[in-house]
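Working notes, beginning with the structure itself.
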Amino acid sequence: MSRLINLFFAFLIGLFLGGFLLFGQTACSQPQQDAAKEFIGAVSTSVDDTLETPTELVFAGQIADEAGRWQNGFVVVLFKNGEEISRTTSRMMNAGLSNNGPMDGVFELRVPNQYELTLTHDVYDETNNLLEMKTVPGMVGTRYIGRWLEELTPNDIKTFQVAGKQLTYSVVVLPVPEAELTEGYQAGHLRLNGKTLITDQTDVIADGGIVVAATAVPQPTATPQHAIELVLLPTQNNGADWHLQLTGYYGNRWDVWERFVAGYGHPMSWETFKEDVLAHNPQLVDDGFVFYPEKVYFLPSTQ
């Protein structure tokens, strides 16, 4: 906030000085008038560049359990190139990136935008899909740039790569609520190696140097998947686009959209899918929006 106030006053001072110099141009020589114009142009360019650069980088989202119920009290950690740089806890709040008002299970991870990221920088996920970032305006200029992540579940890891800056940001939901975290999950103990969380256990003296012994943090056992079957139906009797049949999969709507819709290159957005999938698979409503391996579901197909 102090930075924005300073920018606002700098902007006013620049306008005042520029106006004063323009007012006095009639009494100045041509070289003095040219110098005044150059000064005003420099002030204008500096203010424009500053206002266009977001002051913060924000990753926000919502945590839900497998049944789709929003979860408060879970810790979410932000890593930059494998090192923890911020953490927060999910709670009831109004996230500016969501436009949905106050909700439970919401988190916001905020860090200064030190690398001056803007919408001109390409951001990709771990499978090299181009991601859309969003900016939120402030009282003066752009307040922050970020992305909204819907329906993350405990133990999820989402990765964002900014190739032009050689940056990799990772949002990690720790597997248990904050009250149940062991020492290894506390701030300062965690690092991220790809998709594996590791914690520093002990320092060992070896050959005159210090070697950090890293041990993988135990992860909860994943729900075993049945034999997943995808069948492209010969007729399109379930709608012009919804004729890909899925069986043998357990997960929520986000999991299915990410893996079998966006993951297969279908252009359907998450916002459209999460509603339309209920119309084509009404059993999801009774099942708490969970896909069960013994049931049959229809998905949109690119073919």
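The values are calculated or read from the model by the stated rules, or taken from the named source; none is laboratory data. Please read all numbers here as calculations on a predicted model, not as lab measurements. Neighbour counts are summed over all protein chains in view; Cβ atoms, including those assigned to glycine, are modelled from backbone coordinates with ideal geometry.
Applying the selection to the stretch 180-201, what residues are closer than 15 Å to Lys158 by Cα and either of a type in the set (S, T, N, Q) or surrounded by fewer than 16 Cβ atoms within 10 Å (Cβ to Cβ) (or both)?
Passing the criteria: Asn193, Gly194, Lys195, Thr196.
Considering the stretch 89-119 alone, what residues qualify as being under 19 Å from Met133 (Cβ atoms) and surrounded by fewer than 18 Cβ atoms within 10 Å (Cβ to Cβ)?
Those that are under 19 Å from Met133 (Cβ atoms) and surrounded by fewer than 18 Cβ atoms within 10 Å (Cβ to Cβ): Gly96, Asn99, Asn100, Arg110, Val111, Pro112, Gln114, Tyr115, Glu116, Thr118, Leu119.
Out of curiosity, is Ser86 outside the structural domain of Trp254 (by TED's automatic domain parsing), without any contact (Cβ under 8 Å) to a residue 40 or more places away in the chain and buried (at least 16 other Cβ atoms within 10 Å of the Cβ)?
yes
For the stretch 183-193, does any single residue satisfy the condition of being of a type in the set (Gly, Ala, Ser) and at pLDDT below 85?
yes
Condition (residue is at pLDDT 90 or above, over 23 Å from Gln114 (Cβ atoms) and either among the acidic types (Asp, Glu) or not assigned by TED's automatic domain parsing to the domain that holds Thr88 (or both)) applied to the stretch 162-174: is it met by at least one residue?
No, there is no match, as no residue in the stretch 162-174 is at pLDDT 90 or above, over 23 Å from Gln114 (Cβ atoms) and either among the acidic types (Asp, Glu) or not assigned by TED's automatic domain parsing to the domain that holds Thr88 (or both).
Looking at this structure, is Pro154 modelled with pLDDT of 85 or more and either surrounded by fewer than 17 Cβ atoms within 10 Å (Cβ to Cβ) or assigned by TED's automatic domain parsing to the domain that holds Arg91 (or both)?
So Pro154 fits the description; yes.
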